[in-house]
Amino acid sequence: MSGPVRHELLAVLDFGSQYGQLIARRARELGVYAEILPPDTDVETLRRRGARAVILSGGPDSAHAQGARTVDLALYDSGLPVLGICYGAQRMAADLGGVSGPGEEGEFGPAVLTPAPGARDLGIGDGNLLIDLEPGATVWMSHSDRVEALPPGFVPLASTRGAPLAAFADPVRRLYGVQFHPEVGHTQGGRAVMARFLHDVAGFAGDWTMAAFAQEAVAAIRAQVGERGRAIAALSGGVDSSVAAALAARALGDRLTAIFVDHGLLRLGEADEVMAAMGALGVRVRRVDAAERFLAALEGVGDPERKRRIIGTLFVRVFEEEARRVAEEGAGFLVQGTLYPDVVESGAGRSQTIKTHHNVGGLPEDLGLELVEPLRLLFKDEVRALGRELGLPEAIVSRQPFPGPGLAVRIAGPVTAQGLEILRQADRVVREEIEAAGLAPSLFQYFAVLLAPVRAVGVMGDNRTYGMPVVVRAVASEDGMTADRARLPDDVLGRIATRLTNEVAGVGRVLYDLTTKPPGTIEWE
Ligand code: XMP
């Protein structure tokens, strides 16, 4: 398995919280390597994995209910510092002789935190993790149950209206509970609470940096592939596969062959950009120019789902043909850009159950390649940071999301060479104007869509025109699951419209998409 050799670990025991990943991310932002593990992971396993502290996450259970998820009770006397958050705090209280149960009413959203009498005089050594918080700080809550009575040895630190025991600690055993969510960005001082626990209490060195990760990952790839082994990397042009290939090339040099299937559906200049960036990093790339094959396979196909299926199937076939050749030349490994959220979603910390063929979409096992997944412990923003560390250009590292089927799902109706050419130019104009206006950082995606089957009448000079409409699509979003339409300034829209109709032959009208997601989707198909 590739990944860091060994790090001081923050174990996040996950009781099914919607914020489990967020806890790990926050810790990593503080330079502490965190992994999400099943809640009942025993103390011996935790120690073997290098755990220096434990966070118990929130979750939907009720601590005293039958079937509620539990921890290894030895944890509390193990000497490891433990911070329980929400259900984790209720679990801890219930396990140690206190009482947790339903409050009069739940608290969801902001709540005002009031220090317990005398708590402001307590230092970190007395258990006061809230030492940096102002009285009246707004914290984020999401609970029905709450802690009703503290176990022996615990002192109360703060309360809110719905949670009289909103924070508490046993400074001797270094056990801490907070009913609120310090990992959520809306909690004032949440980061400070996490930092106090991780740095002051647990004593993490905070040495989880991308430079250290890169070094360790390179060593791990070498160890897995061996002195003489050869590997293949699948390169799509996206951030994850580019970073995985760059990392593997650093480890293996020319024992790595990256295969870049150019389906001809990328944006203007993108394929060359990827080739240039890989070349600059010394990655050996076999570019398979399959544009003609894809166009032929898509001929006359207007249905979006059929387009997607055709592209997906052909992509795997073309990759496989090339991979087979490289494998016959002696490659035994396949490098994939699987990320941590994919690993976690397939079972908290049970790394054996990962979706192995996630990224190449069903590569047959008879290729007999062993997987190398150097990014399987990283979140997306960490992958971008790693890309920068490895020297990938910003244009690739900070790329907006781009669908696998590429421009094919941004052309309504059948895909043609002419349509692709028009859309590439139109997309370039939209991107240039939005970036020139400084709007890119506030947007999740911005691009052009070509309504190829539609025509509109126009006049240029003394001539009648009959061109295609281009739709400007720009959205703000956190994660692509929901999206708001961008509020593009009128002058930017005006410039885009003028340039599209003047510069891009074949464009007759310019439309602006006002649809949010839901009910629309971000892409048109
Ligand atoms: P929708 O259009 O469903 O898209 O709102 C949500 C996000 O996913 C991207 N997207 C894809 N990404 N393969 C991908 O890798 C695909 O087939 C695909 N379809 C949509 C889309 O760009 C947006 O970021």
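The values are calculated or read from the model by the stated rules, or taken from the named source; none is laboratory data. This one's a predicted model, so the numbers in the text were calculated from it and none came from an experiment. When we count neighbours, we look across all protein chains shown, and the Cβ atoms used for this are built from the backbone with ideal geometry, even at glycine. Surface accessibility is based on the protein's heavy atoms, side chains included, excluding ligands, DNA and RNA. Shrake-Rupley method; radii C 1.70, N 1.55, O 1.52, S 1.80 Å.
For the stretch 82-190, give the share of DSSP beta bridges that are antiparallel, in percent and rounded to the nearest 5; count only bridges with both residues there.
Working: 19 of 23 bridges.
Around 85 percent antiparallel, to the nearest 5.
Note on the stretch 161-201: Kirkwood radius taken over Cα pairs, Stokes-Einstein applied at 20 °C and 1.002 mPa s, translational D equal to 193 µm² s⁻¹. When the chain is described by a simple charge dipole with +1 on each Lys and Arg Cβ and -1 on each Asp and Glu Cβ, the residue from Val32, Ala119, Phe260 located farthest towards its positive end is Phe260.
Relative to the Cα centre, what is the charge dipole magnitude of the stretch 140-183, using +1 at the beta carbon of each Lys and Arg, -1 at the beta carbon of each Asp and Glu, and rounding to the nearest 20 debye? It would help to have the intermediate numbers written out before the result.
Details: 4 positive and 4 negative charges, 19 e Å.
The calculated dipole for the stretch 140-183 is roughly 80 debye.
Normalised Debye scattering of the stretch 1-136 at q = 0.10, 0.11, 0.14, 0.20 Å⁻¹ gives log10 I(q)/I(0) of -0.38, -0.46, -0.74, -1.37, counting only Cα atoms as equal scatterers and leaving out solvent.
Kirkwood radius, the stretch 365-487, all distinct C-alpha pairs, inverse of mean reciprocal distance: 17.5 Å.
Relative to the longest principal axis of the Cα atoms of the chain, the long axis of helix 380-390 lies at roughly 70 degrees.
Indicate, rounded to the nearest 5 percent, the antiparallel portion of the DSSP beta bridges found entirely in the stretch 417-525.
Working: 14 of 19 bridges.
Among the beta bridges of the stretch 417-525, antiparallel pairing accounts for roughly 75 percent.
Hydrodynamic analysis of the stretch 173-327 uses the Kirkwood radius over alpha carbon pairs. Inserted into Stokes-Einstein at 37 °C and 0.692 mPa s, it gives a translational diffusion coefficient of 171 µm²/s. Solvent-accessible surface (1.4 Å probe) assigned to Leu488 amounts to roughly 20 Å². Projecting the Cα atoms of Pro405, Asn463, Gly237 onto the charge dipole of the chain, computed from C-beta unit charges around the Cα centre, puts Asn463 farthest toward the positive end.
Projecting the alpha carbon convex hull of the chain along each direction and taking the average yields 27.3 nm².
Counted by Cβ distance under 14 Å from Val112, the other residues give a net charge of -1, where Lys and Arg count +1 and Asp and Glu count -1. P(r) tail for the stretch 431-525: Cα pairs beyond 20 Å make up 39% of the total. Phi angles of the stretch 466-475 translate, via the Karplus equation with coefficients 6.51, -1.76, 1.60 and θ = phi - 60°, into HN-Hα couplings of 8, x, 8, x, 10, 9, 8, 10, 9, 9 Hz per residue; Gly and Pro are given as x. The heavy atoms of Arg410 present about 0 square angstrom of accessible area, all protein chains included, probe 1.4 Å. Dipole orientation for the chain: of the candidates Val178, Thr501, Leu198, Thr501 has the Cα lying most toward the positive pole (charges on Cβ; Lys, Arg +1; Asp, Glu -1).
Nothing charged except the Cβ atoms of Lys and Arg (+1) and of Asp and Glu (-1): what's the magnitude of the dipole of the stretch 261-347 about its Cα centre? Round to the nearest 20 debye. Could the numbers behind the result be given before it?
Numbers: 12 positive and 16 negative charges, 20 e Å.
Roughly 100 debye, rounded to the nearest 20.
Can you give me the % of accessible surface on the stretch 374-525 that is carbon or sulfur? Probe 1.4 Å, all protein chains present, nothing else counted.
Values: 3700 of 6760 Å².
Carbon plus sulfur share of accessible area: 55 percent.
Express as a percent, rounded to the nearest 5, the fraction of DSSP beta bridges in the chain (both residues included) that run antiparallel. Working shown, then result.
Numbers: 33 of 73 bridges.
Bridges in the chain that DSSP calls antiparallel: roughly 45 percent.
Relative to the Cα centre, the charge distribution of the chain, modelled as +1 at Lys and Arg Cβ and -1 at Asp and Glu Cβ, gives a dipole magnitude of about 780 debye.
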